[in-house]
Amino acid sequence: MTARLTPRFFLAALVAALPFAVPSVQAQSPAPPVPQLPATLRDARYCEIVPVHVTREGLRASVYNTLGFDDCPADKWEALTRLQLFRQFDTLAVVMNGPRHFIMDGISATGATKTGEVITIGGITLAKRAEVGLSLHQVMGPAYTEQTIERDTTYRFDAGKPVFTLTAPDGAVYVMQSYAQIVDPALTYADLPALGAKLKLPAGWSYGTRTPDADLLLTASGTATVVQDDLKNTYQKMPPR
């Protein structure tokens, strides 16, 4: 197991913090901080920590995300150790998924995607976004392979702003929801229009940029279909027209 590999799914959403009590007659510990979306979501930096447990039902992954707390400071992120993560989550498999940057301009969430506990580890505060079952295919699937994840979200891409897409041989279109600085730490938002030249696209796949005339809404009602490219940037499948 490694602390620097990422699984084939990425979840992002707003959450409400859950207060907790400590043994005290008159005092209660302060409620955890409530995440607040940054004023500008596009290109906002975030990180995820994904502990994986083996259960009777199979592999289960919990996704903790820094969105709404801070921008995942590089010094604190790099200082996290396997020992800290293993102790925090009581597991021997923890994935550090980040840093990443969002591409959408707005997120709304419902159901289980909206709520979760808040934790702080190594000075980094994260909220639990989801807990999902995994197959070995999801854990080990190659780039440009569809994965199904569980979430209830709507991503908004504002009219007049670029979106970055992958198109599969069958014509399916996938819209980038986040770019990663995991494989290429120097990758920036400004690089995305020409990203196709850096990708090892399979035969029949293409990368492109488009600017919608109206707001583009990508809704996941229970599940979303996503793919990652070979730089671990993540894209959500658009519904067929």
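The values are calculated or read from the model by the stated rules, or taken from the named source; none is laboratory data. Note that this is a predicted model, so its numbers are computed, not measured. Glycine gets a Cβ as well: all are built from the backbone with ideal geometry, and neighbour counts include every protein chain shown. Ligands, DNA and RNA are stripped out before the accessible areas are found, and what is left, the full protein with its side chains, is counted by its heavy atoms. Shrake-Rupley method; radii C 1.70, N 1.55, O 1.52, S 1.80 Å.
Quick notes on this structure:
- Cross-link check: pairs Lys161/Lys237; Lys76/Lys198; Lys76/Lys128; Lys200/Lys232 evaluated at a Cα-Cα cut-off of 23 Å; pairs beyond the cut-off: Lys76/Lys198.
- Descending semi-axes in whole angstrom, ellipsoid equivalent of segment 40-136, from the Cα gyration tensor: 22, 18, 11
- The percentage of C-alpha pairs in segment 148-203 whose separation is greater than 14 Å is 67%.
- Averaged over its residues, segment 149-241 has an accessible area of 45 Å² per residue, based on protein heavy atoms and a 1.4 Å probe.
- Largest first, the extents of the alpha carbon coordinates of segment 102-240 on the three principal axes equal 41, 35, 30 Å.
- Neighbour net charge for Phe69 - beta-carbon separation under 14 angstrom, K R +1, D E -1: 0
- Amide H contacts of Gly98 (H built 1.01 Å from N, under 5 Å, at least 5 apart or other chain): Glu48
- Of the solvent-accessible surface of segment 72-113, computed with a 1.4 Å probe and all protein chains present, 56% belongs to carbon and sulfur.
- Packing, as the average of other Cβ atoms within 10 Å across residues, places the peptides 192-202, 38-48 in the order 38-48, 192-202, highest first.
- Packing-based ranking, highest mean first, of 154-164, 53-63 given that Cβ atoms within 10 Å are counted: 154-164, 53-63
- The slack between Thr55 and Glu131, meaning 0.36 nm per residue of separation minus the straight C-alpha distance, is 26.1 nm.
- Note on segment 145-230: with neighbouring protein chains present and a 1.4 Å probe, carbon and sulfur make up 52 percent of its accessible heavy-atom surface.
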